[in-house]
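The values are calculated or read from the model by the stated rules, or taken from the named source; none is laboratory data. The structure displayed is predicted, hence computed values, not measured ones. As a convention, Cβ positions derive from the backbone with ideal geometry for all residues, glycine included, and neighbour counts pool all protein chains shown. To get the accessible areas, we keep the full protein, side chains included, count just its heavy atoms, and leave off ligands, DNA and RNA. Shrake-Rupley method; radii C 1.70, N 1.55, O 1.52, S 1.80 Å.
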Amino acid sequence: METSEKKKRIFSGIQPSGELTLGSYMGAIKNWAAMQDEYDCLYCIVDMHAITVRQNPADLRRRTIAQLAQYIACGLDPEKNILFIQSHVPQHAELSWVLGCYTQFGELSRMTQFKQKSQQHADNITAGLFTYPVLMAADILLYQADAVPVGEDQKQHVELCRDIAQRFNGVYGDVFTLPESFIPKLGARVMSLGNPMNKMSKSDPEGCVYLLDKPEDIRRKFKRAVTDSETAVRFDPEHKPGVSNLLTIYCAATGKDIAEAEAEFAGQGYGVFKPAVADAVVELARPIREETERLLADKGYLESVYRQGAQRAQSLAVRTLSKVYRKLDFVVPK
Ligand code: ATP
Ligand code: LTN
């Protein structure tokens, strides 16, 4: 492709608040890797978002580096993409403050994730947890992103980001690109293996598969996966949520479509189906785990990736922030 041709910009991020899961892989990272040639992509480790709930500092540090290694192991090329750590680029926090002054209290009160997390952390409902979506809007708008590849649960936040951008543009002219969420057809909402009515979440170790889980752990978790009292392997999320979730996982892992997978397991019970899903996930996770381990042994390389990523990100971020400050007519220090 000609370098003069302007590619569309992509931004996305994941919090290092736990280990990466099969849900975050299928809902987000898998698509990131697929987009890296066609788009101009920034993929971030959003450590500042992670502290909206209490973190153990040493774990946060370890997971931040491990997450970078996993991004690369999942196929994100650090030369093609800007891979960086959010707290390394201070413009995120600066723009977040400005955008917070263009966000309504009522809008933030309606965010589903805030309602859920404030229930889960009822003893520690901080201002940071409440204004979390404003920081997320800053992440996206700072880079003038056109699209944001995320799982279904983040759609509401991206819509709020658009609303904030539109409001700001309405007052100050065309400052921000309006982003759209990019949600995969398959795997946008991977459900818990233990309770297929709930989203697979990193805080539920038995219901979720971690990308770095060992094969025996993956097999155990799938063996215990909740299904139903029938025997047919059929996609019907309403009546057969467990089996439908396993079919989704199987298809996202193998690249097959649902009809193909249903045909493959026709007439065979869950005793055949469940181990086949487990095998597909074991094979998906194996190279990621091995490559992550290899990368984690080379801390110098990982440091060079995040250092270079922060420099490249910051050179874009300063342009947007100074444009915003100019529009606000802040006095520029001489
Ligand atoms: P938690 O559930 O513990 O609050 P999370 O896993 O939702 O955390 P992140 O790890 O920050 O939070 O999510 C990273 C990305 O992965 C987001 O784009 C999110 O939409 C996506 N994602 C997370 N879980 C799933 C899931 N179960 N299915 C599909 N996509 C998911
Ligand atoms: N809120 C997201 C993580 C996140 C993000 C972003 C995603 C923070 N900033 C910017 C896309 C774009 C989550 O909880 N999964």
Self-check item: Dipole of the chain, positive end: most advanced residue of 83, 49, 158 [Cβ charges, Cα centre]
Solution: 49
Exercise. Over all alpha-carbon pairs in the stretch 251-334, figure out the percentage whose distance exceeds 22 Å.
Key: 62 percent
Practice problem: Taking a cut-off of 26 Å between Cα atoms, list the lysines near residue 274, but don't count ones fewer than 8 places away on the same chain. | Solution: 30, 185, 199, 202, 214, 221, 223, 240, 256
Quiz item: Under a no-solvent Debye model with one identical scatterer per Cα of the stretch 1-155, what's log10 I(q)/I(0) at q = 0.16, 0.18 Å⁻¹?
Solution: -0.94, -1.19
Quiz item: Which angle between 0 and 90 degrees, to the nearest 10, do you get for helix 299-328 versus the longest principal axis of the chain when only C-alpha atoms count?
Solution: 50 degrees
Self-check item: With every protein chain in place, the stretch 40-185: carbon and sulfur % of accessible area (1.4 Å)
Solution: 51 percent
Quiz item: So between residue 54 and residue 298, what do we pick up on full extension, going 0.36 nm a residue minus the alpha carbon distance?
Solution: 84.9 nm
Quiz item: How far is helix 241-254 tilted, in degrees, relative to the longest principal axis of the Cα atoms in the chain, given as a value from 0 to 90 rounded to the nearest 10?
Solution: 70 degrees
Quiz item: What percent antiparallel are the DSSP beta bridges of the chain, to the nearest 5?
Solution: 10 percent
Exercise. Could you check how many percent of all C-alpha pairs in the stretch 204-295 are farther apart than 19 Å?
Key: 39 percent
Quiz item: Under a 1.4 Å probe, what is the accessible area of the stretch 191-334 per residue, stated in Å²?
Solution: 54 Å²
Quiz item: So what is the calculated 222 nm ellipticity per residue for the chain, using -39500 (n - 2.57) for each DSSP H run with n of 4 or more, over all residues, to the nearest 500 deg cm²/dmol?
Solution: -16500 deg cm²/dmol
Quiz item: Given 169, 252, 194, which one lies farthest toward the positive end of the charge dipole of the stretch 145-264, if we put +1 on the Cβ of every Lys and Arg and -1 on the Cβ of every Asp and Glu?
Solution: 194
Self-check item: Efficiency of FRET from Cβ geometry, residue 169 and residue 230, R₀ 45 Å, rounded to 0.05
Solution: 0.30
Quiz prompt | Cα gyration tensor of the chain - equivalent ellipsoid semi-axes, whole Å, descending | solution = 36, 22, 19
